[in-house]
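Notes follow once the structure below has been shown.
The values are calculated or read from the model by the stated rules, or taken from the named source; none is laboratory data. Just so we're clear, the structure is a prediction, and the values are computed from it rather than from any experiment. Neighbour counts are summed over all protein chains in view; Cβ atoms, including those assigned to glycine, are modelled from backbone coordinates with ideal geometry. To get the accessible areas, we keep the full protein, side chains included, count just its heavy atoms, and leave off ligands, DNA and RNA. Shrake-Rupley method; radii C 1.70, N 1.55, O 1.52, S 1.80 Å.
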Amino acid sequence: MQLHISPSLKHVTVSTGKGVKELIKFKIGSKRVSYLMIIYSLLFCTLLLRTLFVLHAVDTMDGDIKCSTIGCLGKRIRPKIFGRKLEPRVPEVLYQVLAEPLSKEEVKNISDVPQTLEDFMNEVINESSLDMKAFAIKLREMVTLLEQRTRNAKVHEYLYRHVASSSIPKQLHCLALSLADEYSNNAAARTQLPPPQLVPYLVDNSFYHFVLATDNVLAASVVAASLVRNSLRPEKIVLHVITDRKTYSPMQAWFSLHPLGPALIEVKGLHHFDWLTKGSVPVLEAMEKDLKVRSQFRGGSSAIVASENEKPQVIAAKLQALSPKYNSLMNHIRIHLPELFPNLGKVVFLDDDVVVQTDLTPLWEIDMKEKVNGAVETCRGDDKFVMSKTFRSYLNFSHPLIAQNFDPDECAWAYGMNIFDLRAWRKTNISQTYHHWLTQNLKTDLSLWQLGTLPPGLIAFHGYVHVIDRFWHMLGLGYQEDTSVAEAKKAGVIHFNGRAKPWLDIAFPKLKPLWATYVNSSDRFIRACRVNLS
């Protein structure tokens, strides 16, 4: 195809080629039509014809094999191109069959369903009369059965984990009973802690005061041993251990018979605090109501697992609600630190599932900038599974009470190793805010947040948190099996938060030695109760 334009720009000729008759010949009138318009129009038509030719060629080459170019655009949106309607690649009957879920009765009556993909393919190949609808029905039955089995396996996994993490291992039960017996029969197990001449140091703010609230003797022994062993100034360490009435005797016996001098250890039971009664402490009333609500709305573990309509993740959350720790004062005691230690200015609160791996006294040198709670943020870090938590991860922003007061994308922080400025705390209404939101959560049938004490803590300490370096607190060792041991060894404090506690059989084998190294395997109580350290 050739385009000829005369020198005077008054004649334009389009021909098929040399020696071929002219196809189109124009004579341009200078007064009526702009010659530039004619030229641009012809150029556009030429380009359009070439583009259509290329698209048609590409469409022909693509055929029914692959639709990956612009030439197959029509196949994606199903128009009519070049006079033909392009059919969808997947037969409509397959969509229709798979879109119809099987009823419970139909699922129960399913028989002779292939157990594996290989069995399914062999059966399809061997049945020559199998049409597309029969193929889709058989595929739906197989997928439905496998989906049901997967769900049941997941639900039972959550149930077994719930039982394993909520029950007291017989080794720990044995240890507590043995130490309680020792407390009754051995005067040395009832030694005053600390000795009378050292009692004034319990309120001396020139010492480094740590607080541990737990009813687990073995866990407390590891926290204490790791804290003192890694301290550069153990003679300035004071550890205040708070426990409940039933564990007081075993806890007192353990630390009486296993002194950690020159550090000072104090063991106190909740019953030693006269003011800690239901009438004067709102959290106790909230806990009592919380227990009633849980029993009413959650049901027992057998009823929860028997539900066939709930998703496995929802069942896991309901099972977790039955854990005794969520209705234990030990889990709420930190909100009363200013009242528990009225003469102290600053304390570090440790959970019983942590291991201290460095000297923690430099925490007292951190400028808190008038904030109350020094904590590690959990929204930034290399491990996105552990360090990707925001307020949205804990609070229910579909509820207007939460949505109107907080930002879902605000960075969350962690309990487990926190430095609290009690002087600054006493100038705030943090404790009152905590109790207020506990009450609001009960009024809304526990719908404001997930379980635990961190969500109300996020609310109560909102605006009073000073972020400290991640070195001081590494999280996730109780639920992130892929935690790097090398990275864990570099952290100041490692936290086995999660269900896989290091004293349980479900602990991760490669991480458990980080905790077990602080257990004295030669101790007579440990050996007698056959505490598993491997």
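Remarks
- Assigned charges on the beta-carbon of Lys, Arg, Asp, Glu; the stretch 176-241 dipole about Cα centre (debye): 220 debye
- The accessible-area ordering, largest first, of the residues Met37, Met132, Met387, Met251 stands as Met37, Met132, Met387, Met251, per a 1.4 angstrom probe.
- Largest-first ordering by accessible area, 1.4 Å probe, given options Glu235, Glu118: Glu118, Glu235
- Accessible surface area normalised per residue over the stretch 324-469 is 40 Å², counting heavy atoms of protein chains with a 1.4 Å rolling probe.
- Put the Cα centre of the stretch 227-252 next to the Cα centre of the stretch 487-521 and the gap is 19 Å.
- Förster radius 35 Å - calculated FRET efficiency between Ala486 and Arg233, Cβ distance, rounded to 0.05: 0.80
- Nearest-10 value in Å² for the accessible area of Cys174, using the 1.4 Å probe: 40 Å²
- Heavy-atom accessible area order for Thr46, Thr517, largest first, 1.4 Å probe: Thr517, Thr46
- Pairs from Lys246/Lys268; Lys346/Lys490; Lys346/Lys427; Lys154/Lys512; Lys170/Lys501; Lys384/Lys510 whose Cα-Cα separation, in the structure shown, is over 18 Å: Lys346/Lys490; Lys154/Lys512; Lys384/Lys510
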